[in-house]
Amino acid sequence: MNIQDIPYFLYQLSAGQDSLELNLLITIFFRAFYYITIRGVYKPKRRKISTKRPDENYYWGFILKETILIGLGIVNTYFTIAIGLYSSLTIGNYLYYLFKRLKGEDRFKRAPIFISSLIFNLLFPIAIAIYFILDFFVIELVVLLLTANIFLMMSLKVGNRDFETFKKIMKQYNFRKSPTFVKLFLIFGIIIIPTFAISISYSTEIEIYMVEMHDGVKLQTRVYRPVFWSAPKPIILMRTPYNQDGLDRSARNWLERGFIVVTQDFRGQYYSEGEFRAFMSCASDGYDTCEWIVNQPWCNGKIGSTGCSAGAINQYYTAGQNSPGLFCQQLDMGAPEAYEDLFFTGGKWKKMSEVWINLTAGNSLKMQKKPLSKADNMIYEFIDHWDKNDYWNNGSLNMNNKYDNISCRALHYGGWFDIFTQGTINGYMGYSNNGSNYAKGHQKLVIGPFTHGSRNGQCGDLFFPNAGYGNQIAEKWRDEMFWESLQPNNLIRYNTLWEEPNVLYYVMGDVNDKTHTANTWRYAEDWPVVEEKTAWYLHKDGSLSNGLGVNPENISYIYDPENPVLTWGGNNLVLPAGTYDQRPVINDRDDVISFSSEILAEPLEIIGNVNVKLWISSNCTDTDFTAKLVDVYPNGYNALVCDGIISGRKRNGFDKNELLTPGEKYEININLWSTAYQFNTGHKLRLLISSSNSPKYQVCPNTGVDLDVEYSSSFDANNTIHLEGVYDSSILLPINEI
């Protein structure tokens, strides 16, 4: 155990944590120190060495007594306090009598003994008592006082209070003879008492409440806590739309670490009342739940929330309300913007989200014996709110500057091929740059070669090595952040967490070449790593370079909504996710325009957000444009790195709905989200431009009609890319100098 870990152990003790590791450490330390002091600190010279062996009964009594003491101390914190304090007081008294016994000898020999006696007999017990008083740990304080009183009564036996008398009593106490029935009783105690204490310490009580929200709707809430609990403890909160039955194992794991755990079903899901509307009620419901928790007698006023995917998304909105008692979060693969991160990336309806809505709402509706059409109603409700307006306010931290309300620290965890990659990064930057003083600069980001369902480095076709390191660091940072944020205010913090870089990210690259510097984890002080972007321009001949052509040119293609480009890899859910060879879905297609760089003479590395700037025109009043960045291997493999889309009518903002004028030229921006990727020597960069990516996104019918689930008719679009000269169509790359 490192010295910086000591406060964490103290925190576990103060939280009432019945930790086998911690209690064993404390109990053995004090008993060993006790025995070494009593038996070895002072041994006067003997005139004659005795060859008589001690009666084995002495050892029986000593070994069995110490075994029971250690066994009791391991499994219950109160026994640990009592045994540790009693041992400390005994050591202090022994050293004090030894100090008196050595009267007249060298003062330099006596001074350390006297100081040690003060530490064990006075300073240590007082410090522990003050600590318990300040944090209102009543039962711990009672145990401490009872132990002190018992010791005081035992001390009265010393009589004239000289060293020889005290040592004689200690010898009788430690090595008294033990009759057979006592041996049997002690053996029985060694087996039964620890077993009983363990059963008490780890018995779980699950209380079920119907917690009322501000509008009268009640959400089923379960509280996991020890049957025999003492002082109020910090809380771990987990909310889910997937049935809180599935959180039972995770809840028990947190419980064993010294927390009380609260789980809850989303509004309208499974055992909770109300109507399920995805994440649109999470802000107020999260606030009301936190407010209820901090007013319970078993809460110490501090809450840490945790969860993955939907379990992370709702946490953003809870934090955006500055919810009571919320001090820290584990945001595992989530996003803070319901509109662009979840349902309308690039202003385009994410068709694959319909599958999630039908599965998530449908399973609950079946259990509740309600019509499944309610799931379809939710889909239509979202589609009816195509513009990012006040309807989306409760599912956004950007709208109305809700990042300013953030007053908690968080671990932001994501993957380069997760469905929420950019949302995870934006959440980190929003918390760190715009949050309160407590939150600002106190965020952690871990992002690696992961998809939404895999964290082992397998991303589609390719496997990226050493992915597990990021998981280890993420767990370490989370644990340190939670104990720092949820511990009692007066506990001295010695923590290196904020002395370390705040960002850990993985740089992907050629999986066939182990000699380059990619496929490794790197640390950064903050994000973004690269601030400036370099433009690589599109050329009429299909080339891609950092030089802009002189004369304006254009390239046109026909986009047929009845024959869309198929989704093959990327940041997906319920569809193949990760990097896949794009040749099967682009070969023999005239509506995918390719721009490729020269073969690289040296590696080129990009870290950050990738954007494509296009000058476009169309013969239709509405159409879409897509972009894919691809790594072309020497063998021809086209590895998808990142991709994006933009709706033509949303080109000037998601809150706007502006149709195109046929034939007019417009500048548009396609956000390909962020990545960290190294294009190796001998590879090429390739940019693919088209107008569809289905079924990930809803196909645009090119008719200019409002968004719908299905369309009855469509037009072919003649879409044009204008480039070179005044039309600086390009891909903007955050190039990192290697």
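The values are calculated or read from the model by the stated rules, or taken from the named source; none is laboratory data. Just so we're clear, the structure is a prediction, and the values are computed from it rather than from any experiment. Glycine gets a Cβ as well: all are built from the backbone with ideal geometry, and neighbour counts include every protein chain shown.
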* Asked: Considering ASN587, ASN671, which residue is touching a residue at least 60 places away in the same chain (Cβ under 8 Å), on the phi < 0 side of the Ramachandran plot and surrounded by fewer than 21 Cβ atoms within 10 Å (Cβ to Cβ)?
  -> ASN671
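Select from the range 353-409 the residues that are assigned to a loop (DSSP other than H, G, I, E, B) and of a type in the set (S, T, N, Q) and write down the one among them that is modelled with the highest pLDDT.
Going through the qualifying residues, I end up with SER407.
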* Structure fact -> Cβ pairs under 7 Å, 6+ apart or interchain, first in the range 328-339 and closer than 9 Å to GLY414 by Cβ and assigned by TED's automatic domain parsing to the domain that holds GLY307, second of a type in the set (A, V, I, L, M) and assigned to a strand (DSSP E or B), ordered by first then second residue, are LEU331/ALA410; LEU331/LEU411
* To do: Being touching a Lys or Arg at 6+ places or on another chain (Cβ under 9 Å) and of a type outside the set (S, T, N, Q) is the filter; apply it to the range 574-591 and report the residue that is farthest from GLN698 (Cα to Cα).
  => ILE586
* **Exclusive hit being over 24 Å from ILE303 (Cβ atoms), at pLDDT 95 or above, part of a strand (DSSP E or B) and in contact with a strand residue (DSSP E or B) (Cβ under 6 Å, 6 or more places away or on another chain), set GLY415, GLY470** => GLY415
* To do: Please find, among PHE266, PHE259, the residue that is within 30 Å of ALA375 (Cα to Cα), out of contact with any helix residue (DSSP H, G or I) (no Cβ under 6 Å at 6 or more places or on another chain), assigned by TED's automatic domain parsing to the domain that holds MET367 and surrounded by 18 or more Cβ atoms within 10 Å (Cβ to Cβ).
  => PHE266
* **Residues (modelled with pLDDT of 95 or more and either under 24 Å from the mean Cα position of the chain (by Cα) or part of a helix (DSSP H, G or I) (or both)) located in the range 491-519** => PRO501, ASN502, VAL503, LEU504, TYR505, TYR506, VAL507, MET508, ASN519
* Asked: Any residue at all in the range 513-520 that is in contact (Cβ under 8 Å) with a residue 24 or more places away in the chain and either of a type in the set (Phe, Trp, Tyr) or under 21 Å from ILE731 (Cα atoms) (or both)?
  -> no
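Residue-wise test of (1) in the same structural domain as TRP483 (by TED's automatic domain parsing); (2) within 19 Å of ASN394 (Cα to Cα); (3) part of a loop (DSSP other than H, G, I, E, B); (4) aliphatic (A, V, I, L, M).
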residue: GLY216; (1), (2), (3), (4): yes, yes, yes, no
residue: LEU247; (1), (2), (3), (4): yes, no, no, yes
residue: TYR270; (1), (2), (3), (4): yes, no, yes, no
residue: GLY286; (1), (2), (3), (4): yes, yes, no, no
residue: PRO297; (1), (2), (3), (4): yes, no, yes, no
* To do: Determine which single condition LYS440 fails, assuming it passes every other condition in (1) closer than 26 Å to ASN300 by Cβ; (2) assigned to a helix (DSSP H, G or I); (3) free of Cβ contacts under 8 Å to residues at least 12 places away in the same chain.
  => (2)
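Condition check ((1) within 29 Å of GLY578 (Cβ to Cβ); (2) in contact with an Asp or Glu (Cβ under 9 Å, 6 or more places away or on another chain)) across all residues:
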| site | (1), (2) |
| --- | --- |
| ASN502 | yes, yes |
| ASP510 | yes, yes |
| LYS514 | yes, no |
| ARG522 | yes, no |
| ASP526 | yes, no |
| GLU531 | yes, no |
| GLY542 | yes, no |
| GLY549 | no, yes |
* **the range 242-255 residues that are more than 18 Å from PHE266 (Cα to Cα), paired with ones that are loosely packed, with under 15 Cβ neighbours inside 10 Å (beta carbon under 8 Å, 6 or more apart)** => ARG252/THR204; LEU255/THR204
* Structure fact -> Flagged in the range 614-636 as more than 17 Å from PHE679 (Cβ to Cβ) and part of a strand (DSSP E or B), in numbering order, are LEU614, TRP615, ILE616, SER617, SER618, ASP624, PHE625, THR626
* Asked: Within the group ASN702, ASN719, ASN638, ASN680, which residue is surrounded by 21 or more Cβ atoms within 10 Å (Cβ to Cβ) and in contact with a His (Cβ under 6 Å, 6 or more places away or on another chain)?
  -> ASN680
* Unmet criterion (only one of (1) farther than 22 Å from ARG409 by Cα; (2) in contact (Cβ under 8 Å) with a residue 24 or more places away in the chain; (3) surrounded by fewer than 23 Cβ atoms within 10 Å (Cβ to Cβ)) for CYS308 -> (1)
* Structure fact -> With criteria (1) over 19 Å from ASN426 (Cβ atoms); (2) part of a strand (DSSP E or B), LEU331 comes up short on (1)
* Can you tell me which of ASN314, ASN295, ASN300 is without any contact (Cβ under 8 Å) to a residue 12 or more places away in the chain and not hydrophobic (A, V, I, L, M, F, W, C)? -> ASN295
* Select from the range 221-241 the residues that are at pLDDT 95 or above and surrounded by fewer than 19 Cβ atoms within 10 Å (Cβ to Cβ) and list them in ascending order. => none
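Listed here are the residues, each with its yes/no results for (1) closer than 23 Å to ASN322 by Cβ; (2) touching a helix residue (DSSP H, G or I) at 6+ places or on another chain (Cβ under 8 Å); (3) in the same structural domain as SER323 (by TED's automatic domain parsing).
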{"position": "GLY430", "(1), (2), (3)": "yes, yes, yes"}
{"position": "LYS440", "(1), (2), (3)": "yes, yes, yes"}
{"position": "ASP461", "(1), (2), (3)": "no, no, yes"}
{"position": "ALA474", "(1), (2), (3)": "no, no, yes"}
{"position": "MET508", "(1), (2), (3)": "no, no, no"}
{"position": "ASP513", "(1), (2), (3)": "no, no, no"}
{"position": "ALA518", "(1), (2), (3)": "no, no, no"}
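Quick grid of which residues meet (1) surrounded by 17 or more Cβ atoms within 10 Å (Cβ to Cβ); (2) assigned by TED's automatic domain parsing to the domain that holds GLU275; (3) within 19 Å of SER284 (Cα to Cα); (4) aliphatic (A, V, I, L, M):
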position	(1), (2), (3), (4)
PRO371	no, yes, no, no
GLU381	no, yes, no, no
TRP386	yes, yes, no, no
TRP392	yes, yes, yes, no
ASP404	no, yes, yes, no
LEU411	yes, yes, no, yes
* Working only within the range 681-713, note down all residues that are hydroxyl-bearing (Ser, Thr, Tyr) and either modelled with pLDDT under 95 or not assigned by TED's automatic domain parsing to the domain that holds ARG589 (or both). => TYR711, SER712, SER713
* Taking PRO226 as meeting all but one of (1) farther than 26 Å from ASN394 by Cα; (2) within 19 Å of the chain's Cα centre (by Cα), write down the number of the exception. => (2)
* Would you mind telling me which numbered condition in (1) touching a strand residue (DSSP E or B) at 6+ places or on another chain (Cβ under 8 Å); (2) within 16 Å of GLU605 (Cβ to Cβ) LYS540 fails? => (2)
* Quick check: anything in the range 572-589 in a strand (DSSP E or B), over 22 Å from ASP728 (Cα atoms) and of a type in the set (Val, Ile, Thr)? -> yes
